[in-house]
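Bear in mind that the values in this text are calculations on the coordinates, not laboratory data. These numbers come from a predicted model, not from an experiment. A quick note on method: Cβ atoms are made from the backbone with ideal geometry, for glycine too, and the neighbour counts reach across all protein chains shown.
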Amino acid sequence: MTSTIRTLTVPLDGTAFPGGLPSFLVRDDVLCWTRREAGLAGFGEIARFTAAGPERFLEADIWWRHLVIEADVTDHVELPGTGPVAFGSFAFSKTSAHESRLIVPEVVVGVRDSQVWVTQLTLGDGELTEQSALAALDRWLGSGSADTPAAFATVTTAAADSATEAQQGAVPGRAGAAVVRPLPLAAGATLHTGSLSEEAWMEAVTAGVAEIRTGALEKLVLARDVVATIPTGVNAAKVLRELAARYRECWTYGVDGLVGATPEMLIQVEGRTAQARVLAGTLDRRDAHGEDGLPMDYATRVLAGSEKQRHEHEIAIQSLTRQLAPFSEAMNAHDEPFILELPNVWHLASDVKAELTEVEGHVPTCLALINALHPTAAVCGTPTQVAGALIRKLEHLDRGPYAGPVGWLDAAGNGEWGIALRGAVIEGPETVRLYAGCGIVDGSQPEAELAETWAKFRPMLESLGISS
């Protein structure tokens, strides 16, 4: 066996896959990154890198560059995401025991605009041909080649139908502090609080506000977890399809049991252009029920008109732009945040765009940028070191990959890395751990922050079939 990675990318007939990338989310072990109908799906594994600790991003970057520097690449499409590709998920904390990872799949399907392609990747010696690439894809999808388009169309229709049905119902809100929450659950499922009870977590919020009022920090992000047990089993592929159908403006991700749909882009790199989407400031859409006027008017008034929400948002923007500036020769961001409308919540959002400059003779890679940017104030707080230490003291929780970078990169330096929010870790055939967090500033109210976590749990609860 050779140690040189070899890849072949060939176009597919896009008309055969009317549902786009979500059509390919048919296996529980799929690696995926998708928004609207575009994205990447990976199957199998030919190489893997794992690391932990403060150097995890740079160690992964070195491994990836060594793997692809002498790669034998035949690419008949030549778009971001073609050729050698790795999917990745990184721990939130440098102190976490959770292993960060890059995974190189055997087969990747990509959809971008009107183009669809398949890439076969190998470290072996066999010949790569269009026929071998299609055959490899067919093996992973587990269907006869003649019936493949029909199978994809059926899957996509089912996902869209189930998402529509789910959107017609209400979703769980905040209740009391019982260990098992009194929610209507799917097929005998149970839902338990995780590391902290609701009362204990609200006490942590109170303690965080007290620290902010001493002047030690401006903002703190506190997370909590709940654990769902589903006796009928967790269907990861169905979860991903539900998320992709409901939350089309988010980036749906799946890497090694980490699944979710994040509205926040940490960094997207295409050529020398980098972009990010920063969120801070949240309003549950259920709060608009009974309000006079249009819902978006209500969101604008409550979010954009709130000094607390705008202050939290400004901290997040400054955190990202300050860390990105050394890598940029030009940068621009919205003067005013806009309202991002999602099925469960509204957010204050800002998009940032930068033209990358050469640093020490080369354009920085995705992972080098992530190393500089993570963790932002949107998921940690500010100052970062003070907030990080307080998180470890108050949360009583190893976040693992929650709120860490998740996404993909290619050999040309392109990539998309979101923050793993609105997600969960599938811990076993019947067990899922869900995470949600809130930005705490002076003036934060524990009860309101707890309610916000339930609004943020909602995407995963819906996709698991846990809804009222």
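Give the cross-link partners of K94 among the lysines, using a straight C-alpha distance below 25 Å as the criterion and excluding same-chain residues fewer than 8 apart.
Leaving aside lysines fewer than 8 places away in the same chain, those within reach of K94 are K219, K393, K456.
Stokes-Einstein D for region 330-468 at 4 °C, 1.567 mPa s, Kirkwood Rh over Cα pairs, in µm²/s?
This corresponds to a translational diffusion coefficient of 73 µm²/s.
So for region 24-115, what are the equivalent ellipsoid semi-axes in whole Å, largest first, each being the square root of 5 times an eigenvalue of the Cα gyration tensor?
Ellipsoid half-lengths, sorted descending, are 25, 17, 12 Å.
Could you give the angle, 0 to 90 degrees to the nearest 10, between helix 148-167's Cα long axis and the longest principal axis of the Cα atoms of the chain?
Helix 148-167 sits at roughly 10 degrees to that axis.
Sorting check: for 270-276, 305-311, which peptide has the highest mean count of neighbouring beta carbons within 10 Å, and how do the rest follow?
270-276, 305-311
Quick check: residue separation of D351 and Q275 times 0.36 nm, minus the Cα distance between them. What number comes out in nm?
Taking D351 through Q275 to full extension adds about 26.6 nm, to one decimal.
So what are the ³J(HN,Hα) numbers for region 453-466, from phi and the Karplus equation (6.51, -1.76, 1.60; θ = phi - 60°), rounded to whole Hz, Gly and Pro as x?
Ordered by residue, 3J(HN,Hα) equals 4, 5, 5, 7, 5, 4, x, 6, 4, 4, 5, 8, x, 9 Hz.
Tell me, how many Å apart are the Cα centres for region 314-342 and for region 373-415?
If you average the Cα positions of each part, the centres end up 17 Å apart.
What does the extension gain come out to for T232 and E430, with contour length at 0.36 nm per residue minus their alpha carbon separation?
Stretched out fully, the T232 to E430 stretch lengthens by 70.6 nm.
Suppose we keep just the DSSP beta bridges with both residues in region 287-420; what percent of those would be antiparallel, to 5?
Bridges in region 287-420 that DSSP calls antiparallel: roughly 100 percent.
Under a point-charge model restricted to the Cβ atoms of Lys and Arg (+1) and Asp and Glu (-1), what is the dipole moment magnitude of region 6-165 relative to its Cα centre, in debye to the nearest 20?
Rounded to the nearest 20 debye, it is 460 debye.
At q = 0.09 Å⁻¹, what is the base-10 log of I(q)/I(0) for the chain according to the Debye formula with one equal point scatterer per Cα and no solvent? Please give it to two decimals.
-0.58
Evaluate the charge dipole of the chain about its Cα centre and quote only its size in Debye, nearest 20, assuming +1 on the Cβ of each Lys and Arg and -1 on the Cβ of each Asp and Glu.
The calculation lands at about 800 debye.
Only bridges with both residues in the chain count here: give the DSSP antiparallel percent, nearest 5.
95 percent
Which order do peptides 252-258, 129-135 fall in by mean Cβ count within 10 Å, highest first?
With the highest mean Cβ count within 10 Å placed first, the list reads 252-258, 129-135.
Which whole-number percent gives the relative contact order of region 376-448, counting Cα pairs below 8 Å spaced six or more residues apart?
The normalised contact order for region 376-448 reaches 21 percent.
Let me check I've understood the local charge: for G418, count other residues with C-beta under 12 angstrom from its C-beta, Lys and Arg +1, Asp and Glu -1. What total comes out?
+1
Hey, what did the chain get for relative contact order, percent, Cα under 8 Å, at least 6 apart?
Here the relative contact order equals 23 percent.
Could you work out the helix-only [θ] at 222 nm for the chain, with each DSSP H run of four or more residues adding -39,500 (n - 2.57) and the total divided by the number of residues, to the nearest 500 deg cm²/dmol?
So the calculated ellipticity at 222 nm is -9000 deg cm²/dmol.
Output the relative contact order of region 6-165, whole-number percent, from Cα pairs under 8 angstrom with separation of 6+ residues.
The normalised contact order for region 6-165 reaches 34 percent.
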